[in-house]
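Asks: Just dropping this structure here.
The values are calculated or read from the model by the stated rules, or taken from the named source; none is laboratory data. Remember, predicted model here, so these are calculated numbers, not experimental data. Don't worry about glycine lacking a Cβ; one is built from the backbone with ideal geometry, like all the others, and counts go over all protein chains shown. What goes into the accessible areas is simple: the full protein's heavy atoms, side chains included, and nothing from ligands, DNA or RNA. Shrake-Rupley method; radii C 1.70, N 1.55, O 1.52, S 1.80 Å.
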Amino acid sequence: LLKLHGSINWTRGKRGQALNIHSSYKEAKESKLTKVLLPPTWQKTFHGPFQQVWTGAIEEIKKATRIIVLGFSLPETDIHFKYLLSAGLSDNISLREIIFVNPEVRDTYRPKLEKVFQHNLLRDQYVTHIQATIETAFKDGNFRRKINRDSEGYYYG
């Protein structure tokens with residue numbers, strides 16, 4: 001599981017560049033350290049604590065058989081997301097599908113996908129969009145079966 005835009009449990013020390021990942025928001029808040037969240041922008045930092053995050057993401061994308069992107073709106077300003085996909089997928093020979101789970105309706109989300117992926121990948125459904133929130137997607141038994149998480153214990157919530 002890669003959480004590339006930060007999370008409410010990420011912090012950074014006052015003096016160092018170390019990235020801390022706490023077990024919960026409460027723990028992060030109690031730490032009194034600076035909270036870290038990376039907005040969807042073209043100007044991502046490629047050094048310091050995030051270099052390891054980006055490098056790890058590319059390595060995982062290279063060997064992924066399925067990529068599921070949860071709740072990402074595909075903003076045009078986030079060129080770095082396109083870079084991560086391109087860098088990782090260029091050497092990936094095992095990828096079977098990419099699924100985007102987002103509550104936007106098809107008519108507004110599909111054009112965003114068309115700006116990132118070749119037409120044939122969308123036409124042949126290697127890249128798909130499921131219109132749902134993360135919570136409703138994981139409560140749906142068909143979705144859980146599709147991603148091999150059929151057990152009730154796996155749903156979000």
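Asks: Starting from the Cα-Cα distance between Gln118 and Glu135, subtract it from 0.36 nm times their residue separation and give me the gain in nm to one decimal.
Replies: Working: separation 17, 0.36 × 17 = 6.12 nm, distance 2.90 nm.
Between Gln118 and Glu135, full extension yields an extra 3.2 nm.
Asks: While we're here: Cβ neighbours within 10 Å, averaged per peptide: list 20-29, 94-103 in order, most packed at the top.
Replies: Final packing ranking: 94-103, 20-29.
Asks: Carbon and sulfur atoms: what percent of the 1.4 Å accessible area of the stretch 52-148 do they account for? Provide the component values of the computation, followed by the final result.
Replies: On the way: 2760 of 5510 Å².
The value for the stretch 52-148 is 50 percent carbon and sulfur by accessible area.
Asks: Using protein chains only and a probe of 1.4 angstrom, how many square angstrom of Lys32 are accessible, to the nearest 10?
Replies: 150 Å²
Asks: What percent do you get for the relative contact order of the stretch 84-155 when only Cα pairs under 8 Å and 6+ apart count? If you can, show how the numbers build up before the last one.
Replies: Numbers: 56 pairs, mean separation 23.3, N = 72.
In percent, rounded to a whole number, it is 32.
Asks: Let me ask you something else. Work out the FRET efficiency for Ser24 and Arg145 from their Cβ-Cβ distance, taking R0 = 25 Å, and round it to the nearest 0.05.
Replies: 0.25
Asks: Given a Förster distance of 22 angstrom, what is the FRET efficiency for Thr65 paired with Ala87, based on the Cβ-Cβ distance and rounded to 0.05? Walk me through the intermediate numbers first.
Replies: Values: r = 18 Å, r/R0 = 0.80.
Efficiency, from the Cβ-Cβ distance: 0.80.
Asks: Work through the residues other than Thr34 whose Cβ is under 10 Å from its Cβ and net out their charges, Lys, Arg +1 and Asp, Glu -1.
Replies: Around Thr34, the charge tally is +4.
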